[in-house]
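K.L.:
Next up is a structure, given as structure tokens.
The values are calculated or read from the model by the stated rules, or taken from the named source; none is laboratory data. All values derive from a computational prediction rather than experimental measurement. A quick note on method: Cβ atoms are made from the backbone with ideal geometry, for glycine too, and the neighbour counts reach across all protein chains shown. Heads up: the accessible areas ignore ligands, DNA and RNA and are worked out on the full protein's heavy atoms, side chains in. Shrake-Rupley method; radii C 1.70, N 1.55, O 1.52, S 1.80 Å.
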Amino acid sequence: MTSFGKYYTFIIAGASGDLAAKKTFPALYGLYREKQLSPDCQIIGYARSDLSEEKFHEKISQHFKGGDEQTKKDFLKLTSYVRGAYDTDEGYQKLEKRCVDYEKEHNVEKPERIFYLALPPSAFTEVCEHIKKDVYPKDGIIRVVIEKPFGHDLKSARELQESIAPLFSEDEIYRIDHYLGKEMVKNLLVIRFGNELFSGVWNKNHISSIQVSFKEPFGTEGRGGYFDTIGIIRDVMQNHLLQVLTLLTMERPVSFDAEAVRDEKVRVLKAFDKINVDDVIVGQYDKSEDGKKPSYLDDKTVAKDSKCITYAAFTVNIHNERWDGVPMILRAGKALDEGKVEIRIQFKPVARGMFKDIQRNELVIRIQPDEAIYLKINSKIPGVSTETSLTDLDLTYNKRYSKDFWIPEAYESLIRDVLHGNHSNFVRDDELDVSWKLFTPLLEALENNPNLNLEKYPYGSKGPKELRKYLQKHGYVFAEEGSYQWPLTEPDVKGKI
Ligand code: BG6
């Protein structure tokens, strides 16, 4: 793990695109604002568009958050723009010259350069070849950051990997899955392995099911073109949700060292059983019940008779000693009733005997919005009553931690890791391979099924109706209606005593 010094060059290829404007540049700005970026580094945007420096600055600063005008101006002074094609040497040679001039000016002996590819995957290989040929610092360090999608299936992921592997070592490549940069996701290993309370019960003897769910309150809204070719499973499940599930189920790594963590991730992924394609819920959103919100097929950018999956739920079983038989349910959907990503770990029931009705413990880890961890427990209703009620131990971040506390956005956190040469929160090549091995048969079975049962669900609803039964079938027990609420806004069990 080598941290970069004062003088490094950060190049963003695809600098005029959406991802760069919405994520990469705002993240660099956020790091600068928080003094996590060297004030002497240089940042170069590279793209095909003909942009004046002024237009470029205007474009990249649209999504900057926080800081005063002076901070923004100072940050923009570090940035410049180079126009160039992706498929010819000329532009890359200009980049090389800009790097060399800067490195000479600052007497840099060992150049440090980062290439961030905010580009569609079709351009990855070509751009990597040119970087290697024209801008590779022979006696220095290069870090190449690439964004998903890393392939469309196992075959294409392997092809991509085979084309990049001869150019850069695995150590030079940083594959971003931005969920790994989210605060609560980074906390998972600490919660699990830093607490005997959890680590002792984290297995099939105590846990009855695990759910990782992703809900978005909006649909494709006229931008469905790309989504239509991939669907929700590739978009967020094969990567983001699987990463979360892997961190929840892996064995304890010997240290926080990147390879130790990633070795364990790969090991558990290899124990994942084939996903049963006959036990999957798939859906596509329809108009909202009041007819105000459009159906997926109303999106002009998608195929008229598209069978694209906008909602999916399925179950994974892990064939190892720790987990065999515990259903791991992944579910994700667009155009639902709320925006939320959370983990729900339900525990087995306690022995009845002394209790007639006692509910189950459940640990809920809310990744977003508003990070929180709460553990649902049974407790005696205060006072003379001997009845039990379901209540919680609640760690809601914005109640517990001061608001001045800076929690980096996912991209800020990951770019900071790249600057420090920390690979722990990036996806390794073999990890990617196993994840595609797991998902490709499922995707193929769904995509080649002419009788796919694509359930329509209204925009703004909870998703396909079968979900409740599906969860019950996999052992999830819903709390008694009205018996529990989180977060509480008023004192609990008022008037019950
Ligand atoms: C992206 C998907 O990877 O993740 C998007 O392509 C999705 O479709 C997004 O909206 C969700 O990320 P976040 O950070 O908003 O939860």
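K.L.:
Filter the stretch 322-351 down to the residues that are surrounded by fewer than 22 Cβ atoms within 10 Å (Cβ to Cβ), over 17 Å from the mean Cα position of the chain (by Cα) and within 15 Å of the ligand (Cβ to nearest atom) and list them by number.
P.N.:
Within the stretch 322-351, GLU338 is the sole residue that qualifies.
K.L.:
For LEU248, only one of the following conditions fails: (1) part of a helix (DSSP H, G or I); (2) within 16 Å of the ligand (Cβ to nearest atom). What is its number?
P.N.:
(2)
K.L.:
Please specify each residue of the stretch 214-245 satisfying the condition of being farther than 17 Å from ALA303 by Cβ, surrounded by 17 or more Cβ atoms within 10 Å (Cβ to Cβ) and more than 12 Å from the chain's Cα centre (by Cα).
P.N.:
LYS215, GLU216, ILE233 - these are the residues of the stretch 214-245 that are farther than 17 Å from ALA303 by Cβ, surrounded by 17 or more Cβ atoms within 10 Å (Cβ to Cβ) and more than 12 Å from the chain's Cα centre (by Cα).
K.L.:
Can ARG366 be described as modelled with pLDDT of 95 or more and either within 16 Å of the ligand (Cβ to nearest atom) or farther than 25 Å from VAL277 by Cβ (or both)?
P.N.:
Numbers: modelled with pLDDT of 95 or more: yes; either within 16 Å of the ligand (Cβ to nearest atom) or farther than 25 Å from VAL277 by Cβ (or both): yes.
Yes, satisfied.
K.L.:
Can we say GLN62 is touching an Asp or Glu at 6+ places or on another chain (Cβ under 9 Å), free of Cβ contacts under 8 Å to residues at least 60 places away in the same chain and of a type outside the set (A, V, I, L, M, F, W, C)?
P.N.:
On the way: touching an Asp or Glu at 6+ places or on another chain (Cβ under 9 Å): no; free of Cβ contacts under 8 Å to residues at least 60 places away in the same chain: yes; of a type outside the set (A, V, I, L, M, F, W, C): yes.
Answer is no for this residue.
Residue-wise test of (1) without any contact (Cβ under 8 Å) to a residue 40 or more places away in the chain; (2) closer than 30 Å to TYR32 by Cα; (3) open to solvent by 80 Å² or more (accessible area, probe 1.4 Å); (4) hydroxyl-bearing (Ser, Thr, Tyr).
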residue	(1), (2), (3), (4)
LEU414	no, yes, no, no
ASP430	no, no, no, no
ALA445	no, no, no, no
TYR457	no, no, no, yes
GLU466	no, no, no, no
TRP486	no, no, no, no
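K.L.:
Next question, about the same structure. In this structure, is SER255 out of contact with any Lys or Arg (no Cβ under 8 Å at 6 or more places or on another chain) and either on the phi < 0 side of the Ramachandran plot or touching a residue at least 60 places away in the same chain (Cβ under 8 Å) (or both)? Reasoning before the result, please.
P.N.:
Details: out of contact with any Lys or Arg (no Cβ under 8 Å at 6 or more places or on another chain): yes; either on the phi < 0 side of the Ramachandran plot or touching a residue at least 60 places away in the same chain (Cβ under 8 Å) (or both): yes.
Here the answer is yes, as SER255 does meet what is asked.
K.L.:
Another one. Give the residue that is farthest from ARG322 (Cα to Cα), with candidates limited to residues of the stretch 210-236 that are part of a loop (DSSP other than H, G, I, E, B) and within 10 Å of the ligand (Cβ to nearest atom). Reasoning before the result, please.
P.N.:
Narrowing the stretch 210-236 to residues part of a loop (DSSP other than H, G, I, E, B): 216-223.
If we keep only those that are within 10 Å of the ligand (Cβ to nearest atom) as well, we get 216, 218, 220, 223.
Values: GLU216: 32, PHE218: 37, THR220: 39, ARG223: 42 Å.
The qualifying residue farthest from ARG322 (Cα to Cα) is ARG223.
K.L.:
So which of PHE75, PHE4, PHE64, PHE56 ends up being outside the structural domain of HIS130 (by TED's automatic domain parsing) and of a type in the set (Phe, Trp, Tyr)? Steps first, answer last, please.
P.N.:
Details: PHE75 fails: outside the structural domain of HIS130 (by TED's automatic domain parsing); PHE64 fails: outside the structural domain of HIS130 (by TED's automatic domain parsing); PHE56 fails: outside the structural domain of HIS130 (by TED's automatic domain parsing).
PHE4 is the lone residue from the list that is outside the structural domain of HIS130 (by TED's automatic domain parsing) and of a type in the set (Phe, Trp, Tyr).
K.L.:
Run MET184 past the list (1) assigned to a loop (DSSP other than H, G, I, E, B); (2) open to solvent by less than 40 Å² (accessible area, probe 1.4 Å); (3) not acidic (Asp, Glu) and report the number of the one that doesn't hold.
P.N.:
(1)
K.L.:
Any chance you could count how many residues in the stretch 53-82 are assigned to a helix (DSSP H, G or I), crowded, with 16+ Cβ neighbours inside 10 Å and touching a helix residue (DSSP H, G or I) at 6+ places or on another chain (Cβ under 8 Å)? Full working, then the answer.
P.N.:
Applying the first criterion (assigned to a helix (DSSP H, G or I)) to the stretch 53-82 yields 53-61, 69-77.
Restricting the remaining residues to those that are crowded, with 16+ Cβ neighbours inside 10 Å gives 56-57, 59-61, 72, 75-76.
Next cut, touching a helix residue (DSSP H, G or I) at 6+ places or on another chain (Cβ under 8 Å) only: 57, 59-61, 72, 75-76.
Selection size over the stretch 53-82: 7.
K.L.:
Check the stretch 269-289 and report whether any residue there is under 14 Å from ILE318 (Cβ atoms), assigned by TED's automatic domain parsing to the domain that holds ALA332 and in a helix (DSSP H, G or I). Even if it seems obvious, please write down each step before you answer.
P.N.:
Initially, the stretch 269-289 is screened for residues under 14 Å from ILE318 (Cβ atoms), giving 269-276.
Narrowing the set further to residues that are assigned by TED's automatic domain parsing to the domain that holds ALA332 leaves 269-276.
Subset that is in a helix (DSSP H, G or I): 269-270.
Yes, the stretch 269-289 has at least one match.
K.L.:
Which one is modelled with the lowest pLDDT, of the residues in the stretch 134-148 that are in a loop (DSSP other than H, G, I, E, B) and open to solvent by 30 Å² or more (accessible area, probe 1.4 Å)?
P.N.:
First, pick out the residues of the stretch 134-148 that are in a loop (DSSP other than H, G, I, E, B): 136-140, 148.
Remaining after also requiring open to solvent by 30 Å² or more (accessible area, probe 1.4 Å): 136, 138-139, 148.
On the way: TYR136: 97, LYS138: 86, ASP139: 91, LYS148: 90.
Restricting to residues being in a loop (DSSP other than H, G, I, E, B) and open to solvent by 30 Å² or more (accessible area, probe 1.4 Å), the top hit is LYS138.
K.L.:
Can you tell which of ARG192, ARG234, ARG158 is modelled with pLDDT of 95 or more and either of a type outside the set (Lys, Arg) or under 26 Å from ILE407 (Cα atoms) (or both)? Explain how you work it out, then say what you get.
P.N.:
Numbers: ARG234 fails: either of a type outside the set (Lys, Arg) or under 26 Å from ILE407 (Cα atoms) (or both); ARG158 fails: either of a type outside the set (Lys, Arg) or under 26 Å from ILE407 (Cα atoms) (or both).
The unique qualifying residue is ARG192.
K.L.:
Among the residues in the stretch 384-392, are any closer than 30 Å to HIS178 by Cβ, assigned by TED's automatic domain parsing to the domain that holds PHE478, within 16 Å of the ligand (Cβ to nearest atom) and outside any loop (DSSP other than H, G, I, E, B)? First the steps, then the outcome.
P.N.:
Start the filter on the stretch 384-392 by keeping residues that are closer than 30 Å to HIS178 by Cβ, which leaves 392.
From the residues that got through so far, the ones that are assigned by TED's automatic domain parsing to the domain that holds PHE478 too are 392.
With within 16 Å of the ligand (Cβ to nearest atom) added as a condition, the list becomes none.
So far as the stretch 384-392 goes, no, none of its residues is closer than 30 Å to HIS178 by Cβ, assigned by TED's automatic domain parsing to the domain that holds PHE478, within 16 Å of the ligand (Cβ to nearest atom) and outside any loop (DSSP other than H, G, I, E, B).
K.L.:
Related question: Out of LYS265, LYS292, LYS300, which single residue is under 23 Å from ASP235 (Cβ atoms), part of a loop (DSSP other than H, G, I, E, B) and not acidic (Asp, Glu)? I'd like the intermediate steps shown before the answer.
P.N.:
Numbers: LYS265 fails: part of a loop (DSSP other than H, G, I, E, B); LYS292 fails: under 23 Å from ASP235 (Cβ atoms).
Selected residue: LYS300, the only one of LYS265, LYS292, LYS300 that is under 23 Å from ASP235 (Cβ atoms), part of a loop (DSSP other than H, G, I, E, B) and not acidic (Asp, Glu).
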